[in-house]
Every structure is written in C-alpha cells, then in structure tokens.
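Below is one structure, written out as structure tokens; comments come after it.
We did not get these values from a lab; they are worked out from the coordinates using the rules stated. Note that the structure is a prediction, hence the values are computed from the model and not measured. Cβ placement follows ideal geometry from the backbone for every residue including glycine, while neighbour counts extend to all protein chains displayed.
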Amino acid sequence: MIKTTPSREDAFALLREYNSSESLIKHAFSVEAVMRYMAEKWGEDPDKWGVIGLIHDLDYEMFPDQHCTKTREILEERDWPEDYVRAVVSHAWGICSDVKPESIMEKYLYAIDELTGLVTACVLVRPSRSLMDLKVKSVKKKWKNKHFAAGANREVIENGAVMLGVEIPELIQDVIDGMRTVAAEIGLAGSS
C-alpha cells in the first residue's frame, strides 16, 4: 500500500484531536515554523519538514508517560509514511525514545524543539514581549541561568548542535528567524 503524504491540514486536525492546550499548540506552530525555515535554508521540502514539526508532540498532552510511543501508534494507525513517523519519534532520542536522529531533518527537529521553548521564555520576560527585537546575546545570557526556563534541556540543544556541526549562536539565530515568521500566531509579536 502506498502511504499518502499528510497535508498540513491533516496534521493540524490530528494535533487538535489530541491537544487542547493553547501553549502546546503555540509550541507546535513554533517548531513547525522553524522546521519550514530550516528546510528552505537547506533546499529541502518545507511542507514535509513543517508537518513533522507541527505534529512532533502529538501525544504529549494526553499521554505524557507514553510520549513518542503513543505518537508512533497513532501515526501508524493512520498510515503515515514511515519516514515521517521515524522523524517525529527521533526528536526525543535519549529522553523517551531510542531512535537516534540521522537525517538532517531529524537532527534539526531534535536540536530546535527545546530551543523554541527557551526562545519563547526569553521573549516573555522582555518589556516588548516581541521576537522582532530579540537578539542572540539575550538568549545566550538567559542560557547561562539554569533556573531560567529550566524545562528547556540545554544538553539536548548542545547535542543537536554538535550533530549538525553548527555553533549554538547560529542555531539560536535560526530559531529566532524561523519563529519570527509566526510571531503573531504564537503571541510573540509584541504588546503594542
């Protein structure tokens, strides 16, 4: 059987089926935007990368103790292509998945997932509450404070950067640039 390539609409409907938390939806939009941005930067398929970014935490709200395991089941039941399923499951490698990121797409998803959370936290403490004036140095300054956005696993971000062969400041800038494309949708376009 030939598996159908899921559209963004398919992915979003599925995400909404399993998630009601607006913060998780905004996180999904952030990761989707950065994945699309990185795909374009690398000459890859932004639709595919975006769908994978959008759906990556599909099971997190309803099945946090089965994160990634339940997503695999849900996506396989719906005949999603194996490379999509594998990419999604690989984003939690070493945390709750033994699927190591191998492709450039998988490595970016692994590296940027936690970093979008850190960038979001950095924006929310700024007077402007805007991604548009956020600088890499501001994120790096907050990075050093392990109590700030403690849920954003810096070790995962560092491991992802090493896998990709990029420096942390470059990865931060890419995440900022990608998230800026959806700043209004994720509530980070500023308080004005």
Give me the extension gain from Lys135 to Ala184: residue separation times 0.36 nm, minus the current Cα-Cα distance, reported in nm with one decimal.
15.8 nm
What's the exposure ranking of Lys100, Lys107, going from fewest to most Cβ atoms within 10 Å?
Lys100, Lys107
For Ala150 and Met62, extending 7 Å from Cα along the Cα-Cβ vector and measuring point to point gives, in nm, a value of 3.1 nm
Count of lysine pairs, the chain, Cα-Cα under 22 Å, sep. 8 or more residues or interchain, comes to 18
With Cβ to Cβ distances under 15 Å as the rule, what net charge do the other residues near Ser21 carry (K, R +1; D, E -1)?
-3
For n ≥ 4 DSSP H runs only, could you compute -39500 (n - 2.57) per run for the chain, divide by its residues and tell me the 222 nm figure to the nearest 500?
-18500 deg cm²/dmol
I want to check the label-to-label distance for Glu77 and Thr5. Put each point 7 Å from Cα in the C-beta direction and report it in nm to one decimal.
2.6 nm
Nearest-0.05 FRET efficiency for Ser128 and Asp47 at R0 = 41 Å, using Cβ-Cβ distance, is 0.80
With charges set only on the Cβ (+1 for Lys and Arg, -1 for Asp and Glu), what does the dipole of the chain come to about its Cα centre, in debye to the nearest 20?
1100 debye
